[in-house]
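> Just passing along the structure, written as structure tokens.
The values are calculated or read from the model by the stated rules, or taken from the named source; none is laboratory data. Just so we're clear, the structure is a prediction, and the values are computed from it rather than from any experiment. Cβ placement follows ideal geometry from the backbone for every residue including glycine, while neighbour counts extend to all protein chains displayed. Just the protein is used for accessible areas: all its heavy atoms, side chains included, with ligands, DNA and RNA removed. Shrake-Rupley method; radii C 1.70, N 1.55, O 1.52, S 1.80 Å.
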Amino acid sequence: MQEPAPVTPLPVPVADLERSTSLDTLRGVAVLGIFAMNIVAYALPSGAYTTTHNAAINQYAGDFTGFNAFAWWINHLVFDQKMMSIFSMLFGAGVVLQDQRLAARQGTQHASFAGTYYRRLGILFLLGMVHAYLIWFGDILVAYSLCGLLLYPMRKVRPRRLIAIGLVIFFVAVVINVGMGLMIGMIQRGGEEARALLDAGQTITESQKGMLEGWEQARPNMVPSAEKVLAEVTARRGDWIGNFKFNAGLAIFFQTFLFAIWTLWRALGLMLVGMALAKLGFFAARWQARTYATLAAIGYVIGLPVIALGATQLHARVGDVGFAFGLGAQYNYVGSLLVAFAHASVVMLICKSGVLRDLTARLAAVGRMAFTNYLMQSVLCTLIFFGFGLGYFAHFERAGAYLFVLGVWGIELLWSPLWLARFRFGPAEWLWRSLTYLRLQPLRR
């Protein structure tokens, strides 16, 4: 009699014993670090994130001196784009780890988890849309769900090829944005020259007139005016309807134009790099301590000076919009990748050495609840800063806003271990898993 075919178990959520503590710790660092990036856009006019010498913005953010300048520099050198880089790599690593876990359970000829994977992305997309439009425009979940659609077919590709493809994709944004910066700079110079001629009573050519019209149309979107900043402050201090309308406009911009020229290439490229690093055991702290230390040193020694040089040039060329949007922005775009690797290497080195165990345990708990903690940051900040909550938007200068970062970090480091001592998942993780696997997951331990 022919033996029945073995039953292939369905993909299931990751069990506690299968989790990587070092990876969870790094994810915890990333989700806390992302909040340090986002606090400026929660608490101050959105232009304050990239603009430091705009009088209309600095009316609320404070002059770019003293603690305000110090806070900006720390954020720019340590957090800005570095935490997104780490999170993107971890997102890609998750695809490889899920494939490896199925192989460990079922053998090398394990079943495909494509259905579960794409359903998981679909749920993430819907939750991201709710977050972007009903809570905060700076959502990254929608972008990750869209980039993630391209990862599944790449899970079997060799690490070297993944890294090569990922870096090529990563640098596409550099080409796009440098090209745009050159075009913007040409329009700005032409428009300003034409305006100067008109103000001097001279006539201008049709070509100059076109440059002037082009610059006058583009300028309000690139150099925030006092009227535009005031309109944002008024909307943020207003009711939920006003905040919803403002959110919608920026969310559409983030999910269309910015996604096409920047987010897609950076996130997708680093996801592929993260897949390669997962295959190579980087996130499991399996590499030699000397290797992690060397990577950290190289990343900081090269990356930080490159970022600092770019920032110094941006401050020296205030008003040069083409440079700021083009070449000037690429110093941090590229340098942040090196610093992100350095950050990740330091975390792996700490986990491997076994030092700071209480801190790494708390960070790992934050990382296991990264989805919940990310959404929690948005909910807390909208209730603190927006008009339908306490209404403290634009009441604190740049340095003062970072006091809220320390407070929220403390809350999440405290509550995450307490929650996980009683429950298997964070609330958002539980909802995401239940919808993905089409059945309610056990929550209590």
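> Among the residues of the stretch 202-225, write down those that are within 26 Å of the chain's Cα centre (by Cα) and without any contact (Cβ under 8 Å) to a residue 12 or more places away in the chain.
Within the stretch 202-225, PRO220, ASN221 meet the criteria.
> Same structure, new question: Keeping to the stretch 324-360, report how many residues are surrounded by 17 or more Cβ atoms within 10 Å (Cβ to Cβ) and either more than 23 Å from the chain's Cα centre (by Cα) or not in a helix (DSSP H, G or I) (or both).
Qualifying residue count for the region: 4.
> Only one of (1) within 22 Å of the chain's Cα centre (by Cα); (2) open to solvent by less than 50 Å² (accessible area, probe 1.4 Å); (3) modelled with pLDDT of 95 or more fails for ALA293. Which number is that?
So the condition that ALA293 fails would be (1).
> Ok, one more. Can we say LEU375 is hydrophobic (A, V, I, L, M, F, W, C), more than 27 Å from PHE70 (Cα to Cα) and in contact with a Phe, Trp or Tyr (Cβ under 7 Å, 6 or more places away or on another chain)?
Considered against the rule, which asks whether it is hydrophobic (A, V, I, L, M, F, W, C), more than 27 Å from PHE70 (Cα to Cα) and in contact with a Phe, Trp or Tyr (Cβ under 7 Å, 6 or more places away or on another chain), LEU375 comes out as no.
> Any chance you could count how many residues in the stretch 255-270 are open to solvent by less than 30 Å² (accessible area, probe 1.4 Å) and without any contact (Cβ under 8 Å) to a residue 12 or more places away in the chain? Working first, answer last.
Going residue by residue through the stretch 255-270, those that are open to solvent by less than 30 Å² (accessible area, probe 1.4 Å) are 261, 263, 266-270.
Now restrict to residues that are without any contact (Cβ under 8 Å) to a residue 12 or more places away in the chain: none.
Qualifying residue count for the region: 0.
> Of all residues in the stretch 23-65, how many are more than 19 Å from ALA324 (Cα to Cα) and among the small types (Gly, Ala, Ser)?
Residues that pass the stated criteria total 7.
> Restricting to the stretch 425-444, give me the number of residues that are in a loop (DSSP other than H, G, I, E, B) and hydrophobic (A, V, I, L, M, F, W, C).
4
> In addition: Looking at (1) part of a helix (DSSP H, G or I); (2) open to solvent by 10 Å² or more (accessible area, probe 1.4 Å); (3) out of contact with any Leu (no Cβ under 7 Å at 6 or more places or on another chain), can you tell me which one ILE302 breaks?
For ILE302, the failing item is (3).
> With respect to PHE393, determine if the residue is under 29 Å from ARG236 (Cα atoms), open to solvent by less than 40 Å² (accessible area, probe 1.4 Å) and part of a loop (DSSP other than H, G, I, E, B).
yes
> May I pose another question? For the stretch 81-107, give me each residue that is β-branched (Val, Ile, Thr) and either part of a loop (DSSP other than H, G, I, E, B) or farther than 20 Å from GLY303 by Cα (or both). Reasoning before the result, please.
To start, the set of residues in the stretch 81-107 that are β-branched (Val, Ile, Thr) comprises 86, 95-96.
Hits for the stretch 81-107 are VAL95, VAL96.
> If you go through the stretch 35-67 one residue at a time, how many are within 17 Å of LEU250 (Cβ to Cβ) and either open to solvent by 20 Å² or more (accessible area, probe 1.4 Å) or outside any loop (DSSP other than H, G, I, E, B) (or both)?
If we filter the stretch 35-67 for residues that are within 17 Å of LEU250 (Cβ to Cβ), which is where we start, we get 37-51, 57.
Adding the requirement that they be either open to solvent by 20 Å² or more (accessible area, probe 1.4 Å) or outside any loop (DSSP other than H, G, I, E, B) (or both) leaves 37-43, 46-51, 57.
Adding up the residues that qualify gives 14.
> Mind checking which residues of the stretch 143-164 are within 12 Å of GLY92 (Cβ to Cβ) and open to solvent by 60 Å² or more (accessible area, probe 1.4 Å)?
Taking the stretch 143-164 and keeping what is within 12 Å of GLY92 (Cβ to Cβ), we get 144, 147-148, 150-152, 154-155, 157, 159, 162-163.
Residue satisfying the conditions is LEU150 alone.
> What pairs can you find where one residue is in the stretch 239-254 and closer than 11 Å to ILE135 by Cα and part of a helix (DSSP H, G or I), the other is open to solvent by 70 Å² or more (accessible area, probe 1.4 Å) and not charged (D, E, K, R), and their Cβ atoms are less than 8 Å apart, with a gap of 6+ or different chains?
From residues that are closer than 11 Å to ILE135 by Cα and part of a helix (DSSP H, G or I), the pairs are TRP240/PHE388; ASN243/PHE388; PHE244/LEU134; ASN247/LEU134.
> Tell me, yes or no, whether the stretch 185-201 has at least one residue that is part of a helix (DSSP H, G or I), free of Cβ contacts under 8 Å to residues at least 60 places away in the same chain, among the hydrophobic types (A, V, I, L, M, F, W, C) and open to solvent by 80 Å² or more (accessible area, probe 1.4 Å).
No - not one qualifying residue is present in the stretch 185-201.
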